[in-house]
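Report on one structure; see the data block that follows.
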Amino acid sequence: MPPRSIASLTVSFGLVSIPVKLYSATEASHAISFNLLHKGCGSRLKQQYLCVKEELSVPREDMVKGYEFAKDQYVMFSPEELKAMEEAGSHSAEISEFVPIESIDPVYFDKAYYIAPDKGGAKPYALFTRALRDSKRCAIGRWAARGKQYIVMIRPVEEGLVMQQLLYAGEVRSIKDIDIPKSEVKEAELKLAQQLIEQQSSEGFDPGPYVDDVRARIETAVQKKVEGQEITMADEPEGGGQVIDLMEALRASLERKAPAKAREPQAAAREPQAGARKPPKRAMETEGAAKKTVKK
C-alpha cells in the first residue's frame, strides 16, 4: 500500500517556491505493549489522578495545566492561554542557509520526512535536488507544525529529498561534559585495531540483516501463552571476562574474524599429508590378516 501524504507545504529559497507533499519517512515502532491487570482476577486496571491535598479522584474536566516555578508552587494556565502561545502552523519551509552536509553532527537528527513534488512542482524540485547534490550541501530552514517551531535540514538522497527535523542546541548535551580519561595508544595496538576494522568493513550500511530479536522472542512467548503452553526461561549467559591483554584480545579478534580462505592454508599446514596416513592403514590391514590366519 503506497504511503499517504501527511501535509502539503512550500519549500522556499530566494524567490523560488517549490510546492511539495510531506510523507513520514519512518513507521511507528509497533512496539508490543502490555496492559496493567489485576493479579487476582486478570481484569484491566484504570488510571486515576488523585489530588494530593484532598486525596480525591479528579475527573479530566476539572484538570488544568500549571508550571512549577518554585517547590510546590505553581502558576496555572487555561487552554486558551496555552493555545495563544503556540506557534501558528506554517505551510512553508523557509530556507535560510546552505551548509556542507558533513558539517552537521547526526546527534542533532530528529524525525525525518520524505518530500515529493506536488502539482506544478516537478521541475523546480528536480532542479533543487540536483543543485544540492552537486554542491554537496544541504538546506537549513524553519518549519512550524503542531504548535511548535522546528529547525529543518533538507538533504538530497538517491531518489529525492529528505526533510530532517533537527534538535536545538539546548537539547543536545556536549560530550565535553563527560569525564573521559586520556590514555596512551600504542602503535602496535592501533595497527591491529585498524586491521580488525578493515576486516569488518562494508561498502555501505544495509539495515536488512539487522532484525529485532527481542520483539521476535516476545511474540513467540505471547503466542505460546495464548495457546496455553508454559514458557521456559533460558539461563542468562555469563558475563564476559575482563580483558587482561589488549594485544592478545586484538589478535584473537583478527583470527576469529579472518575470512575462511585466509585460514585454509594455515589449517592445511597443520594437517598431516595424505601420504603419511597410508602406513597406519596398511598396518591395520596386516594385523587383521594375521588374526584370520591364527583362527584357521
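Can you name every residue in the stretch 202-227 that is loosely packed, with under 12 Cβ neighbours inside 10 Å, of a type outside the set (Lys, Arg) and within 18 Å of residue 31 (Cα to Cα)? 210, 211, 213, 214, 216, 220, 223 - these are the residues of the stretch 202-227 that are loosely packed, with under 12 Cβ neighbours inside 10 Å, of a type outside the set (Lys, Arg) and within 18 Å of residue 31 (Cα to Cα). Of the residues making up the stretch 137-177, those that are out of contact with any helix residue (DSSP H, G or I) (no Cβ under 8 Å at 6 or more places or on another chain), assigned to a loop (DSSP other than H, G, I, E, B) and modelled with pLDDT of 90 or more number 4. From the list 15, 36, the one residue that fits, being touching a strand residue (DSSP E or B) at 6+ places or on another chain (Cβ under 8 Å), loosely packed, with under 12 Cβ neighbours inside 10 Å and farther than 25 Å from residue 171 by Cβ, is 36. What number of residues within the stretch 18-33 satisfy the criterion of being under 30 Å from residue 120 (Cα atoms) and surrounded by 11 or more Cβ atoms within 10 Å (Cβ to Cβ)? Total meeting the criteria: 8.
Taking the criterion of being in contact with a Ser or Thr (Cβ under 8 Å, 6 or more places away or on another chain) and either outside any strand (DSSP E or B) or open to solvent by 70 Å² or more (accessible area, probe 1.4 Å) (or both), the residues of the stretch 3-12 that qualify are 3, 6.
One residue alone among 171, 189, 159 is open to solvent by 100 Å² or more (accessible area, probe 1.4 Å), out of contact with any Ser or Thr (no Cβ under 8 Å at 6 or more places or on another chain) and farther than 30 Å from residue 83 by Cα, and that residue is 159. Of all the criteria given as (1) assigned to a loop (DSSP other than H, G, I, E, B); (2) closer than 30 Å to residue 144 by Cα; (3) open to solvent by less than 100 Å² (accessible area, probe 1.4 Å); (4) of a type outside the set (Ser, Thr, Tyr), the one not satisfied by residue 41 is (2). Can you find a residue in the stretch 47-60 that is surrounded by fewer than 12 Cβ atoms within 10 Å (Cβ to Cβ), basic (Lys, Arg) and at pLDDT 90 or above? Scanning the stretch 47-60, I find no residue that is surrounded by fewer than 12 Cβ atoms within 10 Å (Cβ to Cβ), basic (Lys, Arg) and at pLDDT 90 or above, so the answer is no. So, residue 11, is that one modelled with pLDDT of 90 or more, under 37 Å from the mean Cα position of the chain (by Cα), farther than 30 Å from residue 213 by Cβ and of a type in the set (A, V, I, L, M) or not? The answer is yes for residue 11. Selection over the stretch 102-145 of residues that are touching a strand residue (DSSP E or B) at 6+ places or on another chain (Cβ under 7 Å) and either among the charged types (D, E, K, R) or open to solvent by 60 Å² or more (accessible area, probe 1.4 Å) (or both) gives a count of 12. Yes or no: the stretch 172-181 includes at least one residue that is touching a Leu at 6+ places or on another chain (Cβ under 9 Å) and farther than 26 Å from residue 108 by Cβ. No; the residues of the stretch 172-181 include none that is touching a Leu at 6+ places or on another chain (Cβ under 9 Å) and farther than 26 Å from residue 108 by Cβ. Residues in the stretch 75-101 that are at pLDDT 90 or above and either touching a Ser or Thr at 6+ places or on another chain (Cβ under 7 Å) or open to solvent by 80 Å² or more (accessible area, probe 1.4 Å) (or both): 5 in all. Summed over the stretch 68-96, residues that are among the acidic types (Asp, Glu) and in a strand (DSSP E or B) total 2.
Could you count how many residues in the stretch 61-73 are closer than 28 Å to residue 173 by Cβ and open to solvent by 90 Å² or more (accessible area, probe 1.4 Å)?
Adding up the residues that qualify gives 4.
Could you tell me whether the stretch 97-107 includes any residue that is hydroxyl-bearing (Ser, Thr, Tyr), part of a strand (DSSP E or B), without any contact (Cβ under 8 Å) to a residue 60 or more places away in the chain and within 19 Å of residue 167 (Cα to Cα)?
No.
The values are calculated or read from the model by the stated rules, or taken from the named source; none is laboratory data. Keep in mind it's a predicted model, so treat the numbers as computed, not measured. Glycine gets a Cβ as well: all are built from the backbone with ideal geometry, and neighbour counts include every protein chain shown. Surface accessibility is based on the protein's heavy atoms, side chains included, excluding ligands, DNA and RNA. Shrake-Rupley method; radii C 1.70, N 1.55, O 1.52, S 1.80 Å.
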